[in-house]
Amino acid sequence: MKNNLIKVIAGVCLFAAAACTANYENINSKPYEPGDLNPDDYALGAAMSALAGCVISTDENTTQFTDCLLGGPMGGYFADANAGWANTISNYNPTDDWSRVFLKTDKIIPVLYSNLDLVQTVSEQTDNPVPLAIANIIKVAAMHRVADTYGPIPYSQIGVDGSIATPYDPLDKVYEKFFEELDSSIGILTDNQNAALVQTADYVYGGDVKKWIRFANSLKLRLAIRIAYADRATAKLMAEQAVSHELGVITSNDENATWKYFGTLTNPIYTAVNYNKVDTHDDGTICETGGDSHAAADIIVYMNGYDDPRREKYFSRCEFTGYDYVGLRRGIVIPSLSAVGHQFSGIKISQSDPLLWMNAAEVAFLRAEGTAVFGFSMGGTAQEFYNEGIRLSFEQWEVEGAAQYMEVTTAPGNYTDPTGPNTYGSALSSITVKWDESATTEQKQERIIVQKWIANWMLGNEAWADHRRTGYPRLIPATTAGNKSNGVVDSSEGARRMPYPLDEYVSNTDNVNTAVSQYLGGPDNMATKIWWDCKN
């Protein structure tokens with residue numbers, strides 16, 4: 001029976017890893033091949049790796065949509081650079097093929113749930129609850145990105161096959177379930193904290209259960225702060241539980257949650273941002289700024305304003321004479337990549353870089369915000385956590401000068417487009433780096449979120465969530481010509497969510513209509529705010 005089980009699990013996981021990418025509009029794709037796994041514990045290793053590949057998908061076609069064309073631009077990190085795209089999320093007129101991916105790709109929810117079922121079977125067969133507890137943490141890490149994109153989603157009643165043709169849950173109930181699942185996993189792992197997984201089953205923490213506990217507590221803290229304006233009592237309880245747990249939260253960079261499975265695979269963000277790149281200039285010199293996605297003007301304006309030494313780690317230098325780093329504005333009529341777009345700064349990333357899920361700097365900034373804005377007991381002062389977040393980020397990127405950076409009193413300026421048409425003449429923010437204990441609560445929140453945003457580079461969906469939740473960082477609005485929503489999306493507000501996939505109105509009609517009429521709180525479009533997006 002055990003041998004048959006292993007064969008079934010291995011076969012399903014290999015199928016999940018090698019399945020063809022979905023045929024989304026306007027995007028190149030290349031299916032991944034499964035990586036090499038040791039023979040020992042193959043079944044569990046394959047299932048756990050397939051699960052981990054659902055947080056940020058290892059399929060470059062899927063990740064291009066979820067992280068490079070959705071989270072990256074909406075969070076102010078990336079800008080679309082392919083002039084052939086007439087309908088984009090940044091222009092607020094995406095086709096269904098662009099906006100449906102989180103819910104409808106076969107690379108996330110179906111793979112997630114089928115492999116959860118397999119891990120549960122292994123856990124039951126071996127009487128070992130640890131793998132399933134870790135699998136459920138991964139589930140929450142993946143599914144909160146989906147929920148934060150749409151609002152109400154099918155969740156509590158999704159079957160083991162990952163079919164979402166089930167009733168939707170209100171977003172507050174989805175979050176309630178997230179906390180329930182995290183608490184259960186934290187309890188199980190705490191009771192088994194000296195256990196370990198084989199390394200082939202864990203490309204995040206190499207089998208270290210204590211680190212999984214700290215990540216689960218940190219994820220709990222992230223979600224708690226996210227709902228603080230919608231349900232402060234629950235947010236306070238969850239946040240304070242997370243930091244007061246006996247093993248606490250992530251506090252050092254060796255505890256960062258990163259998926260390191262790129263020995264035989266290529267980092268999907270690297271592949272996606274380099275689609276259709278301009279390889280050489282007319283004079284034969286190499287172009288190193290990338291392809292379909294470039295660095296956004298927003299993040300570079302802030303970092304230029306602070307003279308941030310992390311820029312050389314984040315971006316490639318632009319090709320405009322007299323400039324070092326210039327980002328491409330989002331929400332514009334996209335210029336030709338070969339003629340103009342390639343001159344803007346690119347996204348610096350390598351084929352083998354791990355995928356970041358969460359870092360110690362973010363956790364420090366979460367604790368700073370919990371203390372300064374909401375009055376939660378986070379175990380220290382806001383200033384201590386804020387400065388620690390900066391220090392940890394500099395350490396993560398191996399950059400010197402954190403202490404000097406903490407004293408910076410300059411602010412971001414406006415955005416100058418060296419090519420002319422997309423210059424934004426207003427200063428983005430008056431906020432500086434140096435902590436000011438006498439500042440207003442609003443100013444403290446902006447200062448914290450801006451530095452958290454810089455430290456969370458490339459976690460675009462997190463940045464977009466923070467921007468919607470708090471209003472920070474202040475981002476450059478779409479141009480008049482670039483906002484193609486026909487008045488649906490206000491350029492100063494930006495997109496608040498993605499509309500539900502059109503197929504839901506065909507295959508899950510009654511349930512999606514109930515979600516819109518009873519749970520969403522507005523029409524099914526990009527301008528409707530979701531439950532936790534309620535700051536006055």
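The values are calculated or read from the model by the stated rules, or taken from the named source; none is laboratory data. Small disclaimer: the values here were computed from a predicted structure and weren't measured. For neighbour counting, all protein chains shown are included, and Cβ atoms are generated from backbone atoms with ideal geometry for every residue, glycine included. Note: accessible area is taken over every heavy atom of the protein model, side chains too, but ligands, DNA and RNA are not part of it. Shrake-Rupley method; radii C 1.70, N 1.55, O 1.52, S 1.80 Å.
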If you plug each phi of the range 406-417 into the Karplus form 6.51 cos²θ - 1.76 cosθ + 1.60 with θ = phi - 60°, what whole-Hz ³J(HN,Hα) values come out, in order, with x for Gly and Pro?
-> 5, 9, 5, 10, 8, 10, x, x, 8, 10, 9, 8
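Between A403 and E176, what length in nm is gained on full extension when 0.36 nm per residue of separation is reduced by their alpha carbon distance? Show your work: numbers first, answer last.
Numbers: separation 227, 0.36 × 227 = 81.72 nm, distance 3.97 nm.
Residue separation times 0.36 nm, minus the Cα-Cα distance, leaves 77.8 nm.
To the nearest 0.05, how large is the calculated FRET efficiency for V160 and D503 if R₀ is 25 Å and r is the Cβ-Cβ distance? All intermediate terms of the calculation are to be shown ahead of the outcome.
Working: r = 21 Å, r/R0 = 0.83.
Computed FRET efficiency for V160 and D503 comes out at 0.75.
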Residues with amide H under 5 Å from that of R496, placed H, sequence gap 5 or more = A527, T528
Just list whichever of K107/K535; K177/K313; K107/K210; K139/K210; K139/K434 have alpha carbons separated by over 26 Å in the model shown.
-> K107/K535; K177/K313; K107/K210; K139/K434
Inter-site label distance for S350 and S426 at 7 Å from Cα along Cβ, in nm = 4.2 nm
Roll a 1.4 Å probe over the protein heavy atoms and report the accessible area of T419 in Å², nearest 10.
-> 60 Å²
Might you work out the accessible area of R214 for me, using a 1.4 Å probe with all protein chains in place, and round it to the nearest 10 Å²?
-> 50 Å²
Tabulate in residue order the Karplus-calculated ³J(HN,Hα) for the range 144-157, using 6.51 cos²θ - 1.76 cosθ + 1.60 with θ = phi - 60°, rounded to whole Hz; enter x for Gly and Pro.
-> 5, 5, 5, 4, 6, 7, 10, x, x, 9, x, 8, 5, 10
Collect residues whose amide H, placed 1.01 Å from N in the peptide plane, falls under 5 Å from the amide H of F315; neighbours closer than 5 in sequence don't count.
-> K348
Per its Cα gyration tensor (rounded if a/c is under 1.5, else prolate when a/b beats b/c, else oblate), the range 466-536 is best filed as oblate
For 474-487, 426-439, ranked highest to lowest by mean beta-carbon neighbours within 10 Å, the order is 474-487, 426-439
Using a 1.4 Å probe and counting only protein heavy atoms, arrange S338, S293, S491 so the residue with the most accessible area comes first.
-> S338, S491, S293
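Between A339 and N486, how high is the FRET efficiency from 1/(1 + (r/R0)^6) when r is the Cβ-Cβ distance and R₀ = 35 Å? Nearest 0.05. Show your work: numbers first, answer last.
Values: r = 29 Å, r/R0 = 0.82.
After rounding to 0.05, the efficiency reads 0.75.
What order do D208, D59 take when sorted by accessible area (1.4 Å probe), most exposed first? Mind showing how you got there, number by number?
Numbers: D208 55, D59 10 Å².
Result of the area sort, largest leading: D208, D59.
With a cut-off of 8 Å between alpha carbons and a minimum separation of six or more residues, what is the relative contact order of the range 211-274 in percent? Intermediate results must be reported in sequence, preceding the final value.
On the way: 49 pairs, mean separation 23.3, N = 64.
RCO, the range 211-274: 36 percent.
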How high is the relative contact order of the chain, given as a whole-number percent (alpha carbon pairs under 8 Å, six or more residues apart)?
-> 19 percent
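Express the relative contact order of the range 171-313 as a whole percentage, based on alpha carbon pairs under 8 Å and six or more residues apart in sequence.
Value for the range 171-313: 16 percent.
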Cα-projected label distance for L247 with K434, points at 7 Å along beta-carbon direction, nm | 4.1 nm
Residue-wise, which Karplus ³J(HN,Hα) couplings in Hz belong to the range 127-142, taking 6.51 cos²θ - 1.76 cosθ + 1.60, θ = phi - 60°, and x for glycine or proline?
-> 6, 10, x, 5, x, 5, 4, 5, 4, 6, 5, 4, 4, 5, 4, 7
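Given the -39500 (n - 2.57) contribution per DSSP H run of 4+ residues, what per-residue ellipticity at 222 nm results for the chain, rounded to the nearest 500 deg cm²/dmol? Write out the running numbers ahead of the final one.
Values: 20 runs with 218 residues, N = 536.
That comes out to -12500 deg cm²/dmol.
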